[in-house]
Amino acid sequence: MAEGQRVFSLLRCTGCGFVWVADPWTDSAAIYDDRYYRGEGSDPSVDYAFEYHHPEASVRQAEWDGILAAVSACEPPEIHVSYFTPRAMTLALEGTGFRATPRGTLPGDASILRYKILKGLRRKRQRAWQGWPWSLLTPVFHRRLGMGEMPLGRAV
């Protein structure tokens, strides 16, 4: 293990499947330093400095396009990483007075998936990937990643 890296322990609720970090690193100044924003920190697939200086070329443009399409359709976009399983999210929503409803497919999913895939492949620029048949790949990855399984909360 490289200097400055550490191993984290994850715990999972046996009742609902929710996962959390048992021993989180809480030194924000050390976590979010210049290296982090250049993609040299805890998440090497992120390079905020590049995205800030070249937003039109960044693969994150696909995520922004997808979020805009989802918001424009009056549906909440999936924009944040969480460790909720669909069952844990359903229990959390229902336990706080919301009705859990199936998410299904939303406008913008193809763009959001394109971003997630390119980010996972550590691609920074989207230009070379624009010609791919993302609308055909979306249903395959949607099922594989289980995007439609995560419920939406509706106020009761």
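Coordinate-derived values only; no laboratory data. All values derive from a computational prediction rather than experimental measurement. Methodologically, a virtual Cβ is constructed for each residue, glycine included, from the backbone with ideal geometry; neighbour enumeration extends over all protein chains shown.
Taking only Cα atoms and a 10 Å spring cutoff, compute GNM fluctuations for the chain and point out the largest among A88, A22, A49.
A22
Using Cβ contacts closer than 10 Å as the measure, can you line up M150, M89 from fewest to most?
With the fewest neighbours first, M150, M89 line up as M150, M89.
Among G131, T96, P107, which residue has its Cα positioned farthest towards the positive end of the charge dipole of region 57-155, with +1 placed on the Cβ of Lys and Arg, -1 on the Cβ of Asp and Glu, and the dipole taken about the Cα centre?
Final value for the positive-end residue is G131.
So how strong a dipole does the chain carry about its Cα centre when Lys and Arg Cβ are +1 and Asp and Glu Cβ are -1, to the nearest 20 debye?
Dipole size: approximately 560 debye.
Tell me, F8, F98 in order of fewest to most beta-carbon neighbours within 10 Å?
In increasing order of surrounding Cβ atoms, one gets F8, F98.
What does the convex hull of the Cα atoms of region 21-156 come to per residue, in Å³, rounded to a whole number?
137 Å³
Over the residues of region 81-121, compute the C-alpha Rg and express it relative to 2.2 N^0.38 Å.
Region 81-121 yields a ratio of 1.49.
For q values of 0.26, 0.29 Å⁻¹, compute log₁₀ I(q)/I(0) with the Debye formula on a Cα-only model of region 91-156, without solvent.
Results for region 91-156 at q = 0.26, 0.29 Å⁻¹ read -1.08, -1.23.
Could you please rank S72, S58, placing first whichever residue has the fewest other Cβ atoms within 10 Å of its Cβ?
Fewest-to-most Cβ neighbours within 10 Å comes out as S72, S58.
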